[in-house]
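Chemist: The following block contains the structure, expressed as structure tokens.
The values are calculated or read from the model by the stated rules, or taken from the named source; none is laboratory data. This structure is a prediction, so every number in the text was calculated from the model and none was measured. Every residue, glycine among them, receives a Cβ derived from its backbone with ideal geometry; neighbour counts consider all protein chains shown. Ligands, DNA and RNA are excluded from the accessible area calculation, which covers all protein heavy atoms including side chains. Shrake-Rupley method; radii C 1.70, N 1.55, O 1.52, S 1.80 Å.
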Amino acid sequence: MADVPTFCALCISRCGATATVENGAFVALAADPDHPTGRALCVKGKASPELVAHPDRLEYPMKRTGPKGGSPDWQRITWDEALDTIAARLRELAHTHGAESVAFSAASPSTSAIADSIDWIQRLRRAFGSPNLVVSMELCGWGRYLASGFTFGTAMPGAYMPDLEHAGCILYWGYNPSVARLTHATATVDARKRGAKLVVVDPRRVGIANQADVWLGVRPGTDCALALSIAHVMIERGWFDHDFVREWTNGPFLVRTDTGRFARDGDAYVTRDSVLRGEFDVATADGVVRCKPAFELLVDACRPFAPAAAEALTGVPAAEIERVAQLLWESRPVAYYGWGGIEQHRDATQIARAVGIVYALTGSFDVRGGNVLMPSVPANPIDGPELLAAEQRAKTLGATRRPLGPARWEFVTSDELYAGALDRRVRGLVGFGANLVLAQPDSARGRAALAALDFYVHADLFMTPTAELADIVLPVASPFESEALKIGFEVSVAAQSLVQLRRPVVAPRGEARSDLQIVFALATRLGLGEHFWNGDIDAAFRHQLAPSGLTLEQLRAEPAGVRVPLEPQYQRYRTRGFGTPTRKIELYSEQLLAHGYAPLPDPPATAPSNAFPLVLTSAKTT
Ligand SMILES: Nc1nc2c(c(=O)[nH]1)N[C@H]1C(S)=C(S)[C@@H](COP(=O)(O)OP(=O)(O)OC[C@H]3O[C@@H](n4cnc5c(=O)[nH]c(N)nc54)[C@H](O)[C@@H]3O)O[C@H]1N2
Ligand SMILES: Nc1nc2c(c(=O)[nH]1)N[C@H]1C(S)=C(S)[C@@H](COP(=O)(O)OP(=O)(O)OC[C@H]3O[C@@H](n4cnc5c(=O)[nH]c(N)nc54)[C@H](O)[C@@H]3O)O[C@H]1N2
Ligand code: SF4
Ligand SMILES: [Mo]
């Protein structure tokens with residue numbers, strides 16, 4: 001019997017763990033309390049030996065000999081045949097229809113072990129010349145991760161993570177870490193013990209919400225109105241950080257009431273001594289124009305959602321709205337995370353903006369105990385943005401239809417993939433796990449689209465309804481059978497300090513290979529070896545690790561990982577400003593206005609209807 005230090009890679013939590021091996025078989029996984037993410041394991045982690053030993057695991061590469069839509073009649077083939085065929089078909093498609101005719105897809109790194117290799121998959125895609133990655137960004141990454149950029153110029157939350165260790169108040173909005181990210185749940189329990197407050201906004205009182213000081217049982221889909229209501233109270237009562245708002249948001253910038261654009265003096269934005277309220281006449285090239293500070297316009301936008309009106313819309317009692325506004329102010333710094341519950345609505349962009357504005361009012365951005373950019377062990381980035389030519393990038397599916405949308409970051413929605421496959425702009429798909437047919441809307445259309453492809457290769461642990469539509473299926477090793485390098489474990493500075501080279505616990509099933517091995521083997525066969533250390537994964541890891549001062553040998557010798565001391569840094573915006581057009585937190589977004597969207601959050605009309613009293617929403621259970 002042997003115990004192997006490892007971590008569970010099966011979801012975003014990446015819990016530190018010890019694996020027990022008996023007679024060459026992986027028999028148990030237990031939490032490792034010495035690991036910074038090793039407080040607990042969920043049922044999925046505990047059951048991971050069953051996943052590894054499951055009788056339905058794919059063990060060999062296979063090619064389809066039957067028709068798409070009919071019985072696939074899989075035939076076992078060798079890895080050489082599989083990789084040679086894939087490389088030949090992909091090169092042919094790139095040659096005839098352009099590399100953009102091949103899309104890549106991946107399971108979500110938040111819910112699978114693909115995080116081990118997603119950066120390398122990105123590198124392969126870009127070196128190949130395809131700007132198209134389908135990875136569920138529109139379902140659970142848009143509002144929080146990308147649309148928050150319209151307010152903060154960065155992923156907030158996402159890049160800027162809640163500093164739960166030091167928070168005065170934790171705000172979870174449409175987020176249930178007890179199921180979705182165990183490390184956040186355990187860190188929240190600790191924070192509560194030392195006196196931090198907890199506010200949860202969720203239609204259901206589940207998981208960590210049972211411990212909340214205030215739980216707001218919002219009516220699904222009315223979060224934008226609720227956030228504006230909280231902002232209204234904070235502003236009316238003066239419960240906001242005036243200095244921060246004046247100095248670091250575009251609140252004082254004067255907005256022309258005739259065009260909605262900022263008043264400008266040459267390149268500079270016009271303010272009146274950084275005053276936040278009032279109305280002013282400003283001399284412009286078009287004559288004297290009435291202007292209001294952006295902050296005054298925010299006040300106007302919040303006014304219709306004063307607590308009594310918001311109660312009727314959201315179902316949250318007015319007194320509770322007041323209470324939360326006060327709690328956020330009095331127990332700041334506020335550490336915030338919001339996820340699926342507010343990302344899967346039609347107004348996810350504006351919800352992210354509205355909650356972002358509430359957050360900005362607290363002045364907690366990038367201060368200890370607020371949302372911070374956790375320090376990282378220095379490493380070379382390997383996802384290869386430099387490998388994709390700008391002209392290829394401009395061809396991302398959806399870029400013309402929605403220029404501010406996910407396509408800006410080379411992310412493609414399943415809807416766009418399906419449309420492209422059905423009208424033959426997309427000819428090929430390289431799939432790393434994504435189970436599109438089950439996980440994305442409109443399964444029938446999804447099946448038709450995948451069946452219409454000229455060539456589809458899919459790598460997975462199991463034969464899913466999506467994999468069944470492939471031409472070639474590749475067996476993937478589970479994370480317990482493969483090596484992976486993890487630089488930092490996100491949840492805290494201590495966790496970020498840990499670098500761990502996860503060793504295989506047991507040998508792979510059958511001929512299964514890791515995604516990483518598949519990427520490197522495919523890259524060399526595609527003639528892209530120069531970007532992949534000629535297929536040498538160790539050399540690639542060495543390159544990645546070079547700035548850290550750690551060696552591969554050192555990490556292999558210490559499978560529990562090596563810690564590199566890190567010092568947190570705060571308030572980086574003081575030297576850099578924000579990555580937005582105004583270099584400030586954008587309470588008011590001229591960029592959204594220019595593209596035909598509301599420059600301030602505008603909730604859709606969602607008054608409860610007697611005819612349709614129920615609202616469909618979703619939540620994860622396991
Ligand atoms: N009904 C329902 N639909 C949903 C959701 C929901 O909760 N319920 N959630 C939505 C959200 S937020 C998301 S992100 C998407 C997620 O959708 P997907 O990203 O498709 O995720 P999963 O269905 O969990 O996993 C897809 C496949 O990945 C395989 N897999 C796991 N680990 C690896 C690995 O390391 N390598 C490879 N190659 N394959 C691996 C698994 O075997 C599985 O077959 O689903 C969305 N759709
Ligand atoms: N165990 C496990 N963990 C996972 C995953 C998994 O499949 N299983 N998937 C991973 C992935 S891909 C993702 S995206 C994350 C998602 O992580 P979460 O976002 O935490 O997961 P959900 O359960 O989808 O949504 C969170 C909460 O939002 C609430 N909610 C629903 N509608 C609304 C609404 O209109 N407003 C508000 N305020 N709340 C609402 C739900 O009741 C639910 O409790 O989890 C990741 N972690
Ligand atoms: S929470 Fe995620 S990482 Fe932790 S044990 Fe469960 S599946 Fe594994
Ligand atoms: Mo997700």
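Chemist: Among Val4, Val43, Val52, which is open to solvent by 60 Å² or more (accessible area, probe 1.4 Å) and either of a type in the set (A, V, I, L, M) or in the same structural domain as Phe432 (by TED's automatic domain parsing) (or both)?
Modeler: On the way: Val4 fails: open to solvent by 60 Å² or more (accessible area, probe 1.4 Å); Val52 fails: open to solvent by 60 Å² or more (accessible area, probe 1.4 Å).
Of the residues listed, the single one that is open to solvent by 60 Å² or more (accessible area, probe 1.4 Å) and either of a type in the set (A, V, I, L, M) or in the same structural domain as Phe432 (by TED's automatic domain parsing) (or both) is Val43.
Chemist: I need every pair where a residue in segment 127-147 that is within 16 Å of ligand 3 (Cβ to nearest atom) has its Cβ under 8 Å from the Cβ of a residue that is assigned to a helix (DSSP H, G or I), sequence separation at least 6 or different chains.
Modeler: Cys140/Gly340; Cys140/Glu343
Chemist: Just the residues that are over 21 Å from the mean Cα position of the chain (by Cα), free of Cβ contacts under 8 Å to residues at least 60 places away in the same chain and exposed (fewer than 14 other Cβ atoms within 10 Å of the Cβ), please, taken from segment 387-421.
Modeler: Within segment 387-421, Ala390, Glu391, Thr400, Arg401 qualify.
Chemist: Could you say which residue among Ala82, Ala115, Ala103 is in contact (Cβ under 8 Å) with a residue 60 or more places away in the chain, within 16 Å of ligand 4 (Cβ to nearest atom), surrounded by 15 or more Cβ atoms within 10 Å (Cβ to Cβ) and aliphatic (A, V, I, L, M)?
Modeler: Ala115
Chemist: In addition: Hey, does segment 569-589 have a residue that's more than 18 Å from Gly356 (Cβ to Cβ) and in contact (Cβ under 8 Å) with a residue 40 or more places away in the chain?
Modeler: yes
Chemist: In the list Gly174, Gly168, which residue meets the criterion of being touching a Lys or Arg at 6+ places or on another chain (Cβ under 8 Å), touching a residue at least 12 places away in the same chain (Cβ under 8 Å) and open to solvent by 10 Å² or more (accessible area, probe 1.4 Å)? Show your work before the answer.
Modeler: On the way: Gly174 fails: touching a Lys or Arg at 6+ places or on another chain (Cβ under 8 Å).
Exactly one residue qualifies, and that residue is Gly168.
Chemist: For segment 7-40, name all the residues that are aliphatic (A, V, I, L, M), within 16 Å of ligand 2 (Cβ to nearest atom), closer than 14 Å to Ala560 by Cβ and crowded, with 23+ Cβ neighbours inside 10 Å.
Modeler: Of everything in segment 7-40, just one residue is aliphatic (A, V, I, L, M), within 16 Å of ligand 2 (Cβ to nearest atom), closer than 14 Å to Ala560 by Cβ and crowded, with 23+ Cβ neighbours inside 10 Å, namely Ala17.
Chemist: To continue, here is another question. Is it the case that segment 183-198 has a residue that's in contact (Cβ under 8 Å) with a residue 40 or more places away in the chain, part of a helix (DSSP H, G or I) and closer than 24 Å to Ile585 by Cα?
Modeler: No, segment 183-198 contains no residue that is in contact (Cβ under 8 Å) with a residue 40 or more places away in the chain, part of a helix (DSSP H, G or I) and closer than 24 Å to Ile585 by Cα.
Chemist: Scanning for something at negative phi and more than 15 Å from ligand 2 (Cβ to nearest atom), does segment 135-142 turn up at least one residue?
Modeler: No, segment 135-142 contains no residue that is at negative phi and more than 15 Å from ligand 2 (Cβ to nearest atom).
Chemist: Specify which of the listed residues (Gly158, Gly207, Gly195, Gly153) is at positive phi, of a type outside the set (Val, Ile, Thr), open to solvent by 10 Å² or more (accessible area, probe 1.4 Å) and within 16 Å of ligand 4 (Cβ to nearest atom).
Modeler: One residue alone meets the criteria, Gly158.
Chemist: When the residues of segment 118-147 are filtered to those that are within 16 Å of ligand 4 (Cβ to nearest atom) and over 12 Å from Trp409 (Cβ atoms), which remaining residue is most open to solvent (accessible area, probe 1.4 Å)?
Modeler: Step by step, filter segment 118-147, then rank; the result is Leu139.
Chemist: Looking at the structure I just gave you, is Thr271 more than 20 Å from Trp329 (Cα to Cα), touching a Pro at 6+ places or on another chain (Cβ under 8 Å) and surrounded by 17 or more Cβ atoms within 10 Å (Cβ to Cβ)? First the steps, then the outcome.
Modeler: Working: more than 20 Å from Trp329 (Cα to Cα): yes; touching a Pro at 6+ places or on another chain (Cβ under 8 Å): yes; surrounded by 17 or more Cβ atoms within 10 Å (Cβ to Cβ): yes.
Taking the combined requirement at face value, the residue satisfies it.
Chemist: I'm trying to understand the selection: among the residues of segment 467-515, which are aliphatic (A, V, I, L, M), open to solvent by 10 Å² or more (accessible area, probe 1.4 Å) and more than 22 Å from Asn23 (Cβ to Cβ)?
Modeler: Leu469, Leu485, Ile487, Val491, Val493, Ala494
Chemist: So which of Arg525, Arg556 is of a type in the set (D, E, K, R), away from ligand 1 (no atom under 16 Å from the Cβ) and over 26 Å from Ala107 (Cα atoms)?
Modeler: Arg556
Chemist: Another one. For segment 224-251, enumerate the residues that are of a type in the set (Gly, Ala, Ser), open to solvent by 10 Å² or more (accessible area, probe 1.4 Å) and touching a Leu at 6+ places or on another chain (Cβ under 9 Å). Spell out how you get there, then give the answer.
Modeler: Applying the first criterion (of a type in the set (Gly, Ala, Ser)) to segment 224-251 yields 225, 227, 229, 231, 238, 251.
From what's left, open to solvent by 10 Å² or more (accessible area, probe 1.4 Å): 238.
Passing the criteria: none in range.
Chemist: Okay, moving on. Among the residues of segment 252-268, write down those that are open to solvent by 60 Å² or more (accessible area, probe 1.4 Å) and assigned to a strand (DSSP E or B).
Modeler: Correct list: Arg264, Asp265.
Chemist: Hey, another quick one. Of the conditions (1) without any contact (Cβ under 8 Å) to a residue 24 or more places away in the chain; (2) open to solvent by 60 Å² or more (accessible area, probe 1.4 Å), Thr524 satisfies every one except a single condition; which number is it?
Modeler: Result: Thr524 fails condition (2) only.
Chemist: State yes or no: is Phe489 touching a residue at least 60 places away in the same chain (Cβ under 8 Å), under 29 Å from Glu59 (Cα atoms), assigned to a loop (DSSP other than H, G, I, E, B) and within 16 Å of ligand 2 (Cβ to nearest atom)?
Modeler: Values: touching a residue at least 60 places away in the same chain (Cβ under 8 Å): yes; under 29 Å from Glu59 (Cα atoms): no; assigned to a loop (DSSP other than H, G, I, E, B): yes; within 16 Å of ligand 2 (Cβ to nearest atom): yes.
Considered against the rule, which asks whether it is touching a residue at least 60 places away in the same chain (Cβ under 8 Å), under 29 Å from Glu59 (Cα atoms), assigned to a loop (DSSP other than H, G, I, E, B) and within 16 Å of ligand 2 (Cβ to nearest atom), Phe489 comes out as no.
Chemist: Do we have any residue at all in segment 84-104 that's within 21 Å of the chain's Cα centre (by Cα), modelled with pLDDT of 95 or more and not basic (Lys, Arg)?
Modeler: Kept after step one, since they are within 21 Å of the chain's Cα centre (by Cα), are these residues of segment 84-104: 103-104.
Filter once more, keeping what is modelled with pLDDT of 95 or more: 103-104.
Retained after the next criterion (residues that are not basic (Lys, Arg)): 103-104.
Yes, there is a match, as at least one residue in segment 84-104 is within 21 Å of the chain's Cα centre (by Cα), modelled with pLDDT of 95 or more and not basic (Lys, Arg).
Chemist: Here are the criteria: (1) within 14 Å of ligand 1 (Cβ to nearest atom); (2) under 30 Å from Lys584 (Cα atoms). Tell me which single one Leu124 does not satisfy.
Modeler: Condition not satisfied by Leu124: (2).
Chemist: Taking the stated definitions as given, is Glu567 of a type in the set (D, E, K, R), open to solvent by less than 30 Å² (accessible area, probe 1.4 Å) and away from ligand 4 (no atom under 16 Å from the Cβ)? Talk me through it step by step, then tell me what you get.
Modeler: Numbers: of a type in the set (D, E, K, R): yes; open to solvent by less than 30 Å² (accessible area, probe 1.4 Å): no; away from ligand 4 (no atom under 16 Å from the Cβ): yes.
Judged against the criteria, Glu567 is not a match.
Chemist: Going through Ala191, Ala225 one at a time, which residue ends up being in contact with a Ser or Thr (Cβ under 9 Å, 6 or more places away or on another chain) and among the aliphatic types (A, V, I, L, M)? Write out each step before concluding.
Modeler: Numbers: Ala191 fails: in contact with a Ser or Thr (Cβ under 9 Å, 6 or more places away or on another chain).
Going through Ala191, Ala225 in turn, just one is in contact with a Ser or Thr (Cβ under 9 Å, 6 or more places away or on another chain) and among the aliphatic types (A, V, I, L, M): Ala225.
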